[in-house]
Amino acid sequence: MTTATTTNPEALVKAKMRALAKGVQVLALSDPNRFICPAKSCPGVAYEVVVHPTGDLSCDCKAGQNGRPC
């Protein structure tokens, strides 16, 4: 799994607003810092989102792999 940490607070807020507007549902895993997020643009695909101790997020989607919030 390839992930890139996103630290830009403004970009994270915009990503959260996009996700809420699109009705993205996040599924919690047994580790409280790991989540699965189904892709809205690719049915049947899901990505792992990790919340790091610093509060930064990483995702294994294409945007996350390039250091951008998804």
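The values are calculated or read from the model by the stated rules, or taken from the named source; none is laboratory data. Predicted model only: the values in this text are computed from it and were never measured. Reconstructed Cβ throughout: ideal geometry from the backbone, glycine too, with neighbour counts over all protein chains shown. We work out accessible area using only protein heavy atoms, side chains counted, and drop any ligands, DNA or RNA first. Shrake-Rupley method; radii C 1.70, N 1.55, O 1.52, S 1.80 Å.
Can you tell me which residue in the stretch 46-70 is farthest from Asn33 (Cα to Cα), limited to those that are modelled with pLDDT of 85 or more and of a type in the set (Asp, Glu)?
The extreme case among them is Asp60.
Mind checking which pairs have a first residue in the stretch 50-63 that is of a type in the set (Asp, Glu) and a second that is buried (at least 17 other Cβ atoms within 10 Å of the Cβ) and in a strand (DSSP E or B), Cβ under 8 Å, 6 or more apart or different chains?
Asp56/Thr6; Asp60/Tyr47
Taking the stretch 18-70, which residues are assigned to a strand (DSSP E or B), out of contact with any Pro (no Cβ under 6 Å at 6 or more places or on another chain) and open to solvent by less than 70 Å² (accessible area, probe 1.4 Å)?
Hits for the stretch 18-70 are Phe35, Ile36, Cys37, Pro38, Tyr47, Glu48, Val49, Val50, Val51, Leu57, Ser58, Cys59.
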